[in-house]
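S.K.: Supplied in structure tokens, the structure appears directly below.
The values are calculated or read from the model by the stated rules, or taken from the named source; none is laboratory data. Every value quoted in this text rests on a predicted model; they were computed, and no experiment measured them. When we count neighbours, we look across all protein chains shown, and the Cβ atoms used for this are built from the backbone with ideal geometry, even at glycine.
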């Protein structure tokens, strides 16, 4: 196949990858927008979600069950993480960073103790094995499912944030959490819910990515770094920025693998540096976030 004929395939690969990045980044960006916390443990939640998918599928033979089980369990884990962090709310950010980094290392070691240090494959569901024929190219069925399913999740999240009362409270909390608290809304409960939802999205990302990339203990730290790039490029605290940043970084990475593989590991960081120079607040971010 000619290299130019491969471009559509790699663009689709980038979109699929970008949608996974979005699921991780949306939790990071909303948590930062509301609480000003950069959560270094977020990648570990993604890894645990992938391991839960592996375990659920191994014991039940039902991958689809893991799409429900993993996000629910990770929602509970996120709430537990928030109750640890709440004791440091309002103190110097460095202590929050140290705590979340420590939690990430603990969760990583726990996964090694439970599941071992050797990576494990997760089979693609039988219904999505094979390829769709688009005429000029063929593309794996599972990746098409991933793109469509994650796009539906993205729409549900957007609708929940932009068109519901709860979403209005979350948006208001992102703008000014003290104001939200002063009008009688329990901001602590809102923080708890946001942490839980962010963790569940990270876990869901792990479930969806596992059949493609496999499952291994260090996958959380690897994706966390890229997810921070996504958040910075898109704009801290911006939902639209998480979507745009995820897609841009995914497509740039994928096309770089096609045209210039040697630079694939660094091109996204160079792109982030350019964005920070031209627009320091990110593509869809705000110059200043008031709390």
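S.K.: Do we have residue 33 as part of a helix (DSSP H, G or I), at pLDDT 90 or above and either over 21 Å from residue 152 (Cα atoms) or in contact with a helix residue (DSSP H, G or I) (Cβ under 9 Å, 6 or more places away or on another chain) (or both) here?
M.R.: No: the conditions fail for residue 33.
S.K.: So, residue 49, is that one without any contact (Cβ under 8 Å) to a residue 12 or more places away in the chain, in a helix (DSSP H, G or I) and under 19 Å from residue 109 (Cα atoms) or not?
M.R.: So residue 49 fails the test.
S.K.: Sort out which residues of the stretch 124-159 are modelled with pLDDT under 90 and surrounded by 13 or more Cβ atoms within 10 Å (Cβ to Cβ), and write them in order of number.
M.R.: Matches in the stretch 124-159: 137 only.
S.K.: Find the residue count for the stretch 212-253, including only residues that are more than 23 Å from residue 278 (Cβ to Cβ) and over 14 Å from the mean Cα position of the chain (by Cα).
M.R.: Total satisfying the criteria: 7.
S.K.: Can you report the number of residues in the stretch 88-119 which are more than 21 Å from the chain's Cα centre (by Cα) and outside any helix (DSSP H, G or I)?
M.R.: Adding up the residues that qualify gives 7.
S.K.: Being under 14 Å from the mean Cα position of the chain (by Cα), at pLDDT below 95 and under 20 Å from residue 201 (Cβ atoms) is true for just one of 48, 38. Which residue is that? Step through it out loud before you land on a result.
M.R.: Details: 48 fails: at pLDDT below 95.
Of the residues listed, the single one that is under 14 Å from the mean Cα position of the chain (by Cα), at pLDDT below 95 and under 20 Å from residue 201 (Cβ atoms) is 38.
S.K.: Among the helices (runs of 4 or more DSSP H) lying completely within the stretch 127-197, list those that include at least 2 residues that are out of contact with any helix residue (DSSP H, G or I) (no Cβ under 9 Å at 6 or more places or on another chain).
M.R.: Numbers: elements: 141-163, 165-175, 177-182.
Here the list reads 141-163.
S.K.: How many residues are within 19 Å of residue 195 (Cβ to Cβ) and either without any contact (Cβ under 8 Å) to a residue 60 or more places away in the chain or within 17 Å of the chain's Cα centre (by Cα) (or both) if we restrict to the stretch 169-183?
M.R.: 5
S.K.: Among the residues of the stretch 89-105, what is the count of those that are loosely packed, with under 12 Cβ neighbours inside 10 Å and in contact with a helix residue (DSSP H, G or I) (Cβ under 9 Å, 6 or more places away or on another chain)?
M.R.: Number of matching residues: 0.
S.K.: Specify which of the listed residues (273, 242, 202, 262) is assigned to a helix (DSSP H, G or I) and at pLDDT below 90.
M.R.: 262
Each row is one residue, and each column tells you yes or no for (1) surrounded by fewer than 23 Cβ atoms within 10 Å (Cβ to Cβ); (2) in contact (Cβ under 8 Å) with a residue 12 or more places away in the chain; (3) within 21 Å of residue 220 (Cα to Cα).
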site: 12; (1), (2), (3): yes, yes, no
site: 25; (1), (2), (3): no, yes, yes
site: 61; (1), (2), (3): yes, no, no
site: 73; (1), (2), (3): yes, yes, yes
site: 81; (1), (2), (3): no, yes, yes
site: 87; (1), (2), (3): yes, no, no
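S.K.: Quick check on this structure: which one of 233, 215 is surrounded by 21 or more Cβ atoms within 10 Å (Cβ to Cβ) and free of Cβ contacts under 8 Å to residues at least 60 places away in the same chain?
M.R.: Unique residue meeting the criteria: 233.
S.K.: What pairs come up if the first residue lies in the stretch 110-121 and is touching a residue at least 40 places away in the same chain (Cβ under 8 Å) and at positive phi, the second is surrounded by 14 or more Cβ atoms within 10 Å (Cβ to Cβ) and part of a helix (DSSP H, G or I), and their beta carbons are under 9 Å apart, counting only those six or more places apart or on different chains?
M.R.: If the second residue must be surrounded by 14 or more Cβ atoms within 10 Å (Cβ to Cβ) and part of a helix (DSSP H, G or I), no pairs are left.
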